[in-house]
Amino acid sequence: MGNMAAGNAAGKRINSLLDAGSFVEIGGAVTARTTDFNMQEKETPADGVITGYGVIDGNLVYVYSQDATVLNGAIGEMHAKKISNIYDMAMKMGAPVIGLVDCAGFRLQEATDALEAFGKLYQKQSMASGVIPQITAIFGTCGGGLSIVPALTDFTFMEAKNGKLFTNTPNAIPGNDISKCDTSSAAFQSETTDILADIRSLVCMLPCNNEEDSSYEECNDDLNRVCADLANAKEDTAIALTMISDDNIFCEVKKAYAKDMVTGFIKLNGMTVGAVANRSKVYNEEAEVEAEFDGSLSADGAEKAAEFVQFCDAFNIPVLTLTNVSGFTASKYDEKRIAKSAAKLTYAFADATVPKVNVVIGKAFGSAYVTMNSKAVGADMVYAWPDAEIGMMDANQAAKIMYADADAATIREKAAEYKNLQSSPLSAAKRGYVDTIIEAADTRKYVIGAFEMLFTKREDRPAKKHGTV
């Protein structure tokens with residue numbers, strides 16, 4: 001256990017996160033080196049951060065845990081250098097970095113030394129992005145320049161009661177004070193509970209780096225298991241994804257943000273697969289409707305999905321989509337952002353070279369459908385349920401536009417004709433936009449088969465430094 005003070009909160013968090021007895025501390029004797037403002041008279045054990053490595057279910061991880069009892073959690077030069085050192089080691093070994101954050105901001109007595117050291121840490125994080133998974137958990141204050149640290153990582157968890165994340169304090173925002181709106185709170189920033197257990201589950205789902213994959217495991221679930229009630233879960237796709245996954249394992253990410261879009265990891269024949277799905281209703285554990293959406297693609301939902309797809313592509317994780325989208329969200333907030341957000345999602349799917357499978361489970365209308373991992377933007381396999389609707393828009397709306405002066409009976413007749421000719425999964429399949437029409441209950445069997453077939457997929461992109469979307 002090294003020099004770690006196992007009794008303090010920072011040490012206890014590490015012990016709870018890692019397999020028992022596996023933590024090895026690095027840099028336990030490091031203290032602050034500045035002497036300005038009589039700093040030499042103040043004790044800074046480990047300079048306020050415990051750093052080291054250990055294992056989670058046998059998977060090597062590097063960890064840093066901030067100790068808010070040192071100088072009230074103010075962080076300085078050596079503190080940042082210790083975290084940077086952990087990043088150097090993690091990059092050499094190809095293992096994730098997990099940060100447990102609890103601090104009050106930069107140490108004023110160290111000024112430019114602290115800023116320089118944190119700038120170097122930002123640089124290390126940027127270089128590590130897409131190479132090793134980075135996870136942050138915020139247990140106390142994460143303010144000012146430190147707020148950039150979790151933003152540079154892949155996944156961020158916040159403790160619901162005490163977690164505070166802010167770049168500007170709530171009282172520094174013009175027209176606001178903390179009693180009006182606590183912009184630093186977990187609820188405002190999106191909350192997650194049981195953080196350490198959630199991180200352990202997430203680490204076990206992820207590859208250790210972008211080249212070596214230890215996330216495969218033996219599957220004891222029936223690969224041909226029929227999911228009889230899957231069609232009933234069309235509205236809440238978090239439930240649908242749980243049903244088709246091995247042993248009903250679903251690790252949802254950004255659960256409290258943009259709930260009209262579901263993102264997370266499932267297991268299919270022991271392989272981790274990233275899942276993206278439209279959602280129109282959110283059910284709680286008592287089967288009560290918690291939230292309801294109109295089935296459209298929102299700006300927040302599109303950006304949430306785009307970031308998730310880019311993560312999956314960086315770490316060679318195949319992507320499954322469940323598409324049920326009626327168009328783009330119509331609101332003032334969305335109208336300002338939806339074109340750019342939808343472009344980001346389109347780009348993420350088109351740019352990703354991992355295996356991509358799409359199942360159209362409901363509506364797939366207009367450009368929003370094209371954006372959602374359609375054949376056109378690069379899906380390798382597209383399935384559709386028998387009652388799916390794929391086309392430009394709802395058949396009734398189309399009939400009213402095309403036959404604006406017709407009577408109601410004609411509109412009904414033309415709508416039925418349009419639905420059959422233009423919106424049915426069969427018409428899309430006839431043109432090759434859908435590969436196979438499948439029964440909802442057989443979805444698990446078909447998507448497992450598709451990913452097995454796509455396991456050796458190789459696909460190139462034009463030579464360039466990077467895209468600019």
Condition set outside any helix (DSSP H, G or I) and among the hydroxyl-bearing types (Ser, Thr, Tyr), scope region 419-456, selection surrounded by the fewest Cβ atoms within 10 Å (Cβ to Cβ): answer is THR436
Kindly indicate whether any position in region 214-228 is over 23 Å from TYR369 (Cβ atoms), modelled with pLDDT of 95 or more and surrounded by 16 or more Cβ atoms within 10 Å (Cβ to Cβ).
yes
Run down ALA415, ALA409 and say which single residue is over 36 Å from the mean Cα position of the chain (by Cα), open to solvent by less than 30 Å² (accessible area, probe 1.4 Å), free of Cβ contacts under 8 Å to residues at least 40 places away in the same chain and over 17 Å from THR323 (Cβ atoms).
ALA415
Give me the strands (runs of 3 or more DSSP E) completely within region 116-195, filtered to those with at least 2 residues that are at pLDDT 80 or above, ordered by residue number.
134-138, 155-158
What number of residues in region 425-455 are hydroxyl-bearing (Ser, Thr, Tyr) and modelled with pLDDT under 95?
2
Can you find even one residue in region 331-348 that is open to solvent by 10 Å² or more (accessible area, probe 1.4 Å), out of contact with any Gly (no Cβ under 7 Å at 6 or more places or on another chain) and closer than 22 Å to LYS267 by Cβ?
no
Going by what's in this entry, would ASP260 be described as of a type in the set (Asp, Glu) and either open to solvent by 20 Å² or more (accessible area, probe 1.4 Å) or under 16 Å from the mean Cα position of the chain (by Cα) (or both)?
yes
Looking at the structure I just gave you, is ASN358 surrounded by fewer than 18 Cβ atoms within 10 Å (Cβ to Cβ) and either of a type in the set (S, T, N, Q) or under 21 Å from the mean Cα position of the chain (by Cα) (or both)?
no
When region 339-382 is checked residue by residue, the ones that are aromatic (Phe, Trp, Tyr) and touching a helix residue (DSSP H, G or I) at 6+ places or on another chain (Cβ under 6 Å) are PHE349
Hey, CYS103 hits all of (1) at pLDDT below 90; (2) in a helix (DSSP H, G or I); (3) open to solvent by less than 10 Å² (accessible area, probe 1.4 Å) but one; which does it fall short on?
(2)
Looking across region 57-70 at residues that are of a type outside the set (Val, Ile, Thr) and in a loop (DSSP other than H, G, I, E, B), the single one that is least open to solvent (accessible area, probe 1.4 Å) is ASP67
Looking at the structure I just gave you, is GLY54 more than 15 Å from ILE199 (Cβ to Cβ), surrounded by fewer than 24 Cβ atoms within 10 Å (Cβ to Cβ) and modelled with pLDDT of 90 or more?
no
So, in region 277-293, exactly how many residues are within 19 Å of VAL370 (Cβ to Cβ) and surrounded by fewer than 20 Cβ atoms within 10 Å (Cβ to Cβ)?
0
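The values are calculated or read from the model by the stated rules, or taken from the named source; none is laboratory data. Keep in mind it's a predicted model, so treat the numbers as computed, not measured. Neighbour counts run over all protein chains shown; Cβ positions are idealised from the backbone, glycine included. Only protein heavy atoms, including side chains, enter the accessible area calculation; ligands, DNA and RNA are left aside. Shrake-Rupley method; radii C 1.70, N 1.55, O 1.52, S 1.80 Å.
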